[in-house]
Amino acid sequence: MRNKVKPFVTLVGAGPGDPDLLTIKGAKALAEAQVVLYDALANEEILTYAPKKSIKIFVGKRKGCHEYSQDQINQLIVDNALTYGNVVRLKGGDPFIFGRGSEEIEYVESFGIPTFVIPGISSSIAVPAYQGISLTKRGVSESFWVITGTTSARKLSNDVALAAQSSATVVILMGMSKLEQIIALFQKESKGETPVAIIQNGTMPDEKIGVGTIDTIQQVVTENKLSSPAIIVIGEVVRESNKLKGFYEEFIASEIR
């Protein structure tokens, strides 16, 4: 059977969560898939774009949800491509933004299997945008950092300390388990009053938001029972969001009381 198929793998970014944020090109690729391997962060509603007869394989990959190791996922992609032909690897957000997409592509290509990448809308940009946070609002922020909160060694990225020294907006992915350390680094730079927004399940119906400052955000997280998956946005642009003004004004009022 393997000799009769033409293996081909397409890496598709599923976007930040809302299934309507999948790209048209991504939907077209799914429509032709014989096999779809999808992550926990890829909205399962997106699978409706794939043919009913296609094989759908859940491969996990989020905190507390590791259905397969990365090595096993790599091999699954290759095995299914050689067996069935057209494989779509569906990954949350953009597959090249802390998604290990390049590792998967390199492994697949080492077998001589053609690949193609369809970018996705990264949660690092889309989730703040949904809350009216302009990461580079004119006159407020001239740049932004996107940093992983947890490295492959399960440690906080050293780049967070560097970002804390800058005037840039800072967006941290996978950082909730390291929130205390993140706060300490910003406090060390005398940035206790810097606004912070934490957005859980961004762009989804069960989205939750907490707004505060570096000095108070841990209390906000506890009160609102915020947890992963969430994005941490640090910077004056949080205060500038019209959509979040209600959250921020409520926070200020509680501080006065």
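The values are calculated or read from the model by the stated rules, or taken from the named source; none is laboratory data. Worth saying up front: this structure is predicted, and the values here are computed from it rather than measured. Cβ atoms come from the backbone with ideal geometry, glycine included; neighbour counts cover every protein chain shown. When the accessible area is computed, the model is the full protein with side chains, heavy atoms only, and any ligands, DNA or RNA have been set aside. Shrake-Rupley method; radii C 1.70, N 1.55, O 1.52, S 1.80 Å.
Among the criteria (1) among the aliphatic types (A, V, I, L, M); (2) under 14 Å from the mean Cα position of the chain (by Cα); (3) open to solvent by 10 Å² or more (accessible area, probe 1.4 Å); (4) farther than 19 Å from residue 40 by Cβ, the one residue 97 does not fulfil is (4). When residues in region 196-209 are screened for being in contact with a helix residue (DSSP H, G or I) (Cβ under 7 Å, 6 or more places away or on another chain) and either among the aromatic types (Phe, Trp, Tyr) or surrounded by fewer than 24 Cβ atoms within 10 Å (Cβ to Cβ) (or both), 4 of them pass. Of the residues screened, residue 199 is one that is in contact with a Lys or Arg (Cβ under 8 Å, 6 or more places away or on another chain), among the hydrophobic types (A, V, I, L, M, F, W, C) and within 17 Å of residue 210 (Cβ to Cβ). If you go through region 102-124 and keep only what is in a helix (DSSP H, G or I), open to solvent by 50 Å² or more (accessible area, probe 1.4 Å) and in contact (Cβ under 8 Å) with a residue 24 or more places away in the chain, you end up with 103, 107. Those strands (runs of 3 or more DSSP E) of region 14-92 in which 1 or more residues are free of Cβ contacts under 8 Å to residues at least 60 places away in the same chain, at negative phi and of a type outside the set (D, E, K, R) occupy 35-38, 55-58. Apart from one condition, residue 41 fits all of (1) open to solvent by 80 Å² or more (accessible area, probe 1.4 Å); (2) over 16 Å from the mean Cα position of the chain (by Cα); the exception is (2). Scan region 71-94 for residues that are open to solvent by 10 Å² or more (accessible area, probe 1.4 Å) and over 25 Å from the mean Cα position of the chain (by Cα) and the total you get is 6.
Which of the residues belonging to region 180-213 are in a loop (DSSP other than H, G, I, E, B), among the β-branched types (Val, Ile, Thr) and without any contact (Cβ under 8 Å) to a residue 60 or more places away in the chain? Selection gives 194 alone. Can residue 162 be described as surrounded by fewer than 16 Cβ atoms within 10 Å (Cβ to Cβ), modelled with pLDDT of 95 or more and assigned to a helix (DSSP H, G or I)? Here the answer is yes, as residue 162 does meet what is asked.
Of the set (1) free of Cβ contacts under 8 Å to residues at least 40 places away in the same chain; (2) touching a helix residue (DSSP H, G or I) at 6+ places or on another chain (Cβ under 9 Å); (3) within 22 Å of residue 244 (Cβ to Cβ), all apply to residue 167 but (2). Here is a check on your reading of the model: is residue 86 farther than 30 Å from residue 232 by Cβ, of a type in the set (S, T, N, Q), in contact with an Asp or Glu (Cβ under 9 Å, 6 or more places away or on another chain) and outside the structural domain of residue 172 (by the TED database)? Yes, satisfied. Within region 125-142, if we keep just the residues that are of a type outside the set (A, V, I, L, M, F, W, C) and in a helix (DSSP H, G or I), the residue that is most open to solvent (accessible area, probe 1.4 Å) turns out to be 130.
Let's see how each residue does on (1) of a type outside the set (S, T, N, Q); (2) at pLDDT below 95:
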{"residue": "9", "(1), (2)": "yes, no"}
{"residue": "54", "(1), (2)": "no, no"}
{"residue": "69", "(1), (2)": "no, yes"}
{"residue": "87", "(1), (2)": "yes, no"}
